[in-house]
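Below: one structure, written as structure tokens.
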Amino acid sequence: RRFMISNNKVNITRRVAAAPIIADRNYKQEIDFTIEYTGYVINNPYGDLNVFLTQNNHWNNVKSGLKPVYVKDQQLVYDYDEQNVFSGGNEFRNFDIKSIRYHSQRIAAIQDDSLKNHVYLFPDEKRAFKQYSSQQDINGNFVVKIQEGSNSETDADYCSISFFLPYDAGLVEGNLYVFGAFNGWKCTRENQLHFNPKRMAYECILYLKQGYYNYEYVLRDDKHQIDETFIEGSHAVTENDYCILVYHRFPGTFYDQLIGVKRLNSMRDN
């Protein structure tokens, strides 16, 4: 797992705004921010700083290489039109398997035998051209937890989860994956969906521990570029978590110090 150690030296003010380009305004979100470094020395803000923007704590669509647009008195202003813009995406899908005795909202069937528990989710649907619908999520995260038991870490069982996405034909643009924090936001053979021509759908089975999970479907093309909007769509009003990371390479050193971290939410910080 990726982790970072920060030593905060600067203050970051931030906000989430609508994309300034009119064609993107209904689909994307812009992250504007200012780095205030009163009492801290930054000799060359264009060469010594490295700034990263992440969405929902994964690095597949990270924004990097950003340089300040304006340098004012002890302030660096990052207010772009395109470089700091993310697709809004959609609210994450979810399923709840904290209990395998009862069916939660997204569970179609549960089968158990002496070897394993098999959970079948209701069929999903492509949402790329559907109207936005607000629903609570945890932005792609997951929680290992059980309802029947005292210790979720040791008592939670594993389940085989069947995903089912109806589709008219197999794709030629790339491959589809079940995507989320549960597997470190990676596209692997385990979470790849495969087209079943007999059922006219993409299918996948994942082996996961009991709990509550967020997920989405993504397309990865032949160049390994990940598109979260192909199946899910994109909306400017989607609730997302963002993080601003500011690294500084002090002159004469050979490493980057993480001198500023700021988290924000598209609904609370606009």
Of the conditions (1) within 16 Å of Lys209 (Cβ to Cβ); (2) of a type outside the set (Gly, Ala, Ser); (3) in contact with a Pro (Cβ under 7 Å, 6 or more places away or on another chain), Asn94 clears all except one; give me its number. (3)
Please verify whether region 26-41 includes one or more residues that are on the phi > 0 side of the Ramachandran plot, at pLDDT below 95, open to solvent by 60 Å² or more (accessible area, probe 1.4 Å) and in contact with an Asp or Glu (Cβ under 9 Å, 6 or more places away or on another chain). no
Give just the number: which of (1) more than 23 Å from the chain's Cα centre (by Cα); (2) among the acidic types (Asp, Glu); (3) at pLDDT 95 or above does Asp155 not satisfy? (3)
Which numbered condition Ile146 fails, given (1) touching a residue at least 60 places away in the same chain (Cβ under 8 Å); (2) more than 19 Å from Ser234 (Cα to Cα); (3) in a strand (DSSP E or B); (4) in contact with a helix residue (DSSP H, G or I) (Cβ under 8 Å, 6 or more places away or on another chain): (3)
Any residue in region 196-211 that is under 20 Å from Asn57 (Cβ atoms), assigned to a loop (DSSP other than H, G, I, E, B), more than 15 Å from the chain's Cα centre (by Cα) and not hydrophobic (A, V, I, L, M, F, W, C)? no
Of residues in region 45-72 being without any contact (Cβ under 8 Å) to a residue 12 or more places away in the chain and out of contact with any Phe, Trp or Tyr (no Cβ under 8 Å at 6 or more places or on another chain), the one least open to solvent (accessible area, probe 1.4 Å): Gly47
Can you confirm whether region 235-245 contains a residue that is in a strand (DSSP E or B), touching a helix residue (DSSP H, G or I) at 6+ places or on another chain (Cβ under 6 Å) and surrounded by 19 or more Cβ atoms within 10 Å (Cβ to Cβ)? no
List the strands (runs of 3 or more DSSP E) inside region 1-63, counting only whole elements, that have at least 3 residues being over 23 Å from the mean Cα position of the chain (by Cα). 28-36
So Arg263, is it open to solvent by 40 Å² or more (accessible area, probe 1.4 Å) and within 19 Å of the chain's Cα centre (by Cα): yes
Conditions (1) among the polar types (S, T, N, Q); (2) at pLDDT 90 or above; (3) open to solvent by 30 Å² or more (accessible area, probe 1.4 Å); number of the one not met by Ser150: (2)
Take Ser160 and decide whether it is part of a strand (DSSP E or B) and farther than 14 Å from Tyr217 by Cα. yes
Looking only at region 217-234, count every residue that is part of a loop (DSSP other than H, G, I, E, B) and either charged (D, E, K, R) or surrounded by fewer than 18 Cβ atoms within 10 Å (Cβ to Cβ) (or both) and tell me the total. 6
Failed item in (1) under 25 Å from Ile226 (Cβ atoms); (2) in contact (Cβ under 8 Å) with a residue 60 or more places away in the chain, with Cys159 passing the rest: (1)
Can you find, within region 246-260, the residue that is surrounded by the most Cβ atoms within 10 Å (Cβ to Cβ) among those that are in contact (Cβ under 8 Å) with a residue 24 or more places away in the chain and of a type in the set (Val, Ile, Thr)? Val246
Within region 170-188, the residues that are open to solvent by 50 Å² or more (accessible area, probe 1.4 Å) and either more than 15 Å from Asp227 (Cβ to Cβ) or not in a loop (DSSP other than H, G, I, E, B) (or both) are Asn175, Lys186
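The values are calculated or read from the model by the stated rules, or taken from the named source; none is laboratory data. Predicted model, so just to flag it, every value in this text is computed and none were measured. Counting neighbours? That spans all protein chains shown, and the Cβs are built from the backbone with ideal geometry, glycine included. Just the protein is used for accessible areas: all its heavy atoms, side chains included, with ligands, DNA and RNA removed. Shrake-Rupley method; radii C 1.70, N 1.55, O 1.52, S 1.80 Å.
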